[in-house]
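Undergrad: Got a structure for you, questions after.
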Amino acid sequence: MKKLNVAIIGQGRSGRDIHGLYFKSEDNKKYNVIAIVDAIEERRIRAKEEWGCDVYADYRELFGRDDIDLVVNSSFSHQHADISIDLLNHGFNVVCEKPFAKNYEECARVVDAANKSGKMLNIFQQSRFAPYYEKMLEIIDSGVLGRPIQYSISFSGFARRWDWQTYQGYNGGEVRNTGPHPLDQALNILGFDSDIGVFSKLERVNTFGDAEDYAKILLTAQNKPLIDLEISKCNAYSDYLYLVHCQYGTLKATMNTIDYKYFNPHTAPKQKLTLEPLFTSDRTPAYCSEVLDWKEEHIELEGTSFTIAVAKYYEMIYNHLVNGKEMEINPNQVLKQFKVIDLIRSQNPLDIKVAE
């Protein structure tokens, strides 16, 4: 089996503890990490000890090497676009962390660089392969719940943050930081080619930065379900990722479980519209009520967005680079996502603070 040689730029939470964790795992049989880049010396020392590979302080030190099949760009968010373009122009295949860019125009520049270079470009939207998401779509597609009416998505919790991902100057904020995961999933549900309407509200509440830590986003498309997306650091009672309102019942998904409840419309009591007053058996006024034969299902899921989903993502990358297969996730989909993100930000202009 052909193995691909990988260089990782950045040894922060993403580069080391997500990408690096997968490459070190037993699931990885197809990649070798041969170079690590980080500007912080102690991280380079640690990487040398952990990987026994070449380490560099600057990604440009990779230029000229012809033994690297893939570069993972896990630099700071505001550096993603420029570094990805530089890598593509120097002949490297690139996986870039999200947020892919600052806005649509910057995103388009990276995609254009990839097209001109002929090299592979992909964005780390691994949540498309999350077990809860794939299983939820499988259940919805089975038809047992009938037509989906609304997807309520809550990537929420309660937290105060003061790190660089709360700073607009570093492409921070919940829409760009957490948002790419549920937005990618939501646009996949609506269809990336749909004409999508957007209503949004952003707030700064408990953050110590100048970017939003609360976002409410409504997405609509003709003949599609409504998407009600909430990304909040002000919700101490969030108990689901997805709550799907459907014709014959409801589905609730967390990272680890799926519960759904439904009735069979073919065996349900037959009803018809009546305009006459309703009465009980003793002729007192009545409200519409019936007894439905509810079925309830509970599923325990294996793996998470940071285990199985990462493995499936890198299987996709491998199959594209080695076997020429089309990628389920592609840069044009992320371009669509940035049109939505730009509209959200235009609806909610936030003043910019200068970091002390």
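The values are calculated or read from the model by the stated rules, or taken from the named source; none is laboratory data. Because the structure is predicted, anything quoted here is derived from the model rather than measured. Don't worry about glycine lacking a Cβ; one is built from the backbone with ideal geometry, like all the others, and counts go over all protein chains shown. Each accessible area value is taken on the protein alone, full model and side chains, heavy atoms only, with ligands, DNA and RNA left out. Shrake-Rupley method; radii C 1.70, N 1.55, O 1.52, S 1.80 Å.
Undergrad: Can you tell me how many residues in the range 261-282 are part of a loop (DSSP other than H, G, I, E, B), open to solvent by 60 Å² or more (accessible area, probe 1.4 Å) and farther than 28 Å from residue 140 by Cα?
TA: 8
Undergrad: Give me the residue from the range 76-93 that is of a type in the set (S, T, N, Q) and under 22 Å from the mean Cα position of the chain (by Cα) and, out of that set, surrounded by the fewest Cβ atoms within 10 Å (Cβ to Cβ).
TA: My answer is 79.
Undergrad: Pairs needed: first member in the range 255-281, closer than 30 Å to residue 309 by Cα; second member anywhere, among the aromatic types (Phe, Trp, Tyr); C-beta distance under 9 Å; at least 6 residues apart or different chains.
TA: Cβ pairs passing all conditions: 255/132; 256/132; 257/132; 258/132; 258/242; 261/294; 262/248; 262/294.
Undergrad: Here's a follow-up. Against the condition under 20 Å from residue 161 (Cα atoms), open to solvent by 50 Å² or more (accessible area, probe 1.4 Å), among the hydroxyl-bearing types (Ser, Thr, Tyr) and under 20 Å from the mean Cα position of the chain (by Cα), how does residue 237 come out, does it pass?
TA: Considered against the rule, which asks whether it is under 20 Å from residue 161 (Cα atoms), open to solvent by 50 Å² or more (accessible area, probe 1.4 Å), among the hydroxyl-bearing types (Ser, Thr, Tyr) and under 20 Å from the mean Cα position of the chain (by Cα), residue 237 comes out as no.
Undergrad: On to the next question. Taking the range 56-75 as the search range and keeping residues that are without any contact (Cβ under 8 Å) to a residue 40 or more places away in the chain and closer than 19 Å to residue 97 by Cβ, which one is surrounded by the fewest Cβ atoms within 10 Å (Cβ to Cβ)?
TA: Result: 58.
Undergrad: So residue 145 passes all but one of these: (1) of a type in the set (A, V, I, L, M, F, W, C); (2) over 20 Å from the mean Cα position of the chain (by Cα); (3) open to solvent by 10 Å² or more (accessible area, probe 1.4 Å); (4) within 30 Å of residue 224 (Cα to Cα). Which condition number does it fail?
TA: Status for residue 145: all satisfied but (3).
Undergrad: Further question: Give the residue that is nearest to residue 178 (Cα to Cα), with candidates limited to residues of the range 21-46 that are assigned to a helix (DSSP H, G or I) and either open to solvent by 40 Å² or more (accessible area, probe 1.4 Å) or at pLDDT below 95 (or both).
TA: 21
Undergrad: Please list, ordered by first then second residue, the pairs with beta carbon atoms under 9 Å, 6 or more apart or interchain, first in the range 106-135 and outside any loop (DSSP other than H, G, I, E, B), second of a type in the set (Lys, Arg) and open to solvent by 10 Å² or more (accessible area, probe 1.4 Å).
TA: 113/119; 123/98; 126/312; 128/312; 129/312; 134/128; 134/312
Undergrad: Considering the range 15-54 alone, what residues qualify as being out of contact with any strand residue (DSSP E or B) (no Cβ under 9 Å at 6 or more places or on another chain) and aliphatic (A, V, I, L, M)?
TA: 18, 21, 39, 40
Undergrad: If I ask for residues that are open to solvent by 10 Å² or more (accessible area, probe 1.4 Å) and touching a strand residue (DSSP E or B) at 6+ places or on another chain (Cβ under 9 Å), which ones from the range 94-112 would you list? Steps first, answer last, please.
TA: So in the range 94-112, the residues open to solvent by 10 Å² or more (accessible area, probe 1.4 Å) come out as 97-98, 102-106, 108-109, 111-112.
Residues satisfying the conditions are 97, 98, 111.
Undergrad: Among (1) at pLDDT 95 or above; (2) out of contact with any strand residue (DSSP E or B) (no Cβ under 8 Å at 6 or more places or on another chain); (3) surrounded by 14 or more Cβ atoms within 10 Å (Cβ to Cβ), which single condition is residue 306 missing?
TA: Residue 306 satisfies every listed condition except (1).
Undergrad: Sticking with this one: Looking only at residues in the range 148-183 that are farther than 18 Å from residue 351 by Cα and hydroxyl-bearing (Ser, Thr, Tyr), which one is surrounded by the fewest Cβ atoms within 10 Å (Cβ to Cβ)?
TA: 152
Undergrad: I would also like to ask the following. Quick check on the range 295-303. Is at least one of its residues out of contact with any strand residue (DSSP E or B) (no Cβ under 9 Å at 6 or more places or on another chain), part of a loop (DSSP other than H, G, I, E, B) and not hydroxyl-bearing (Ser, Thr, Tyr)? Quick ask: steps written out before the conclusion?
TA: Within the range 295-303, the first condition is being out of contact with any strand residue (DSSP E or B) (no Cβ under 9 Å at 6 or more places or on another chain), and the residues that meet it are 302-303.
Filter again for part of a loop (DSSP other than H, G, I, E, B), leaving 302-303.
Next, from what is left, pick out any that are not hydroxyl-bearing (Ser, Thr, Tyr): 302-303.
Yes, there is a match, as at least one residue in the range 295-303 is out of contact with any strand residue (DSSP E or B) (no Cβ under 9 Å at 6 or more places or on another chain), part of a loop (DSSP other than H, G, I, E, B) and not hydroxyl-bearing (Ser, Thr, Tyr).
Undergrad: Might you let me know whether the range 316-337 holds any residue that is small (Gly, Ala, Ser), surrounded by 13 or more Cβ atoms within 10 Å (Cβ to Cβ) and out of contact with any strand residue (DSSP E or B) (no Cβ under 7 Å at 6 or more places or on another chain)? Show your work before the answer.
TA: Of the residues in the range 316-337, the ones small (Gly, Ala, Ser) are 324.
Filter once more, so that each one left must be surrounded by 13 or more Cβ atoms within 10 Å (Cβ to Cβ): none.
No, because not a single residue in the range 316-337 is small (Gly, Ala, Ser), surrounded by 13 or more Cβ atoms within 10 Å (Cβ to Cβ) and out of contact with any strand residue (DSSP E or B) (no Cβ under 7 Å at 6 or more places or on another chain).
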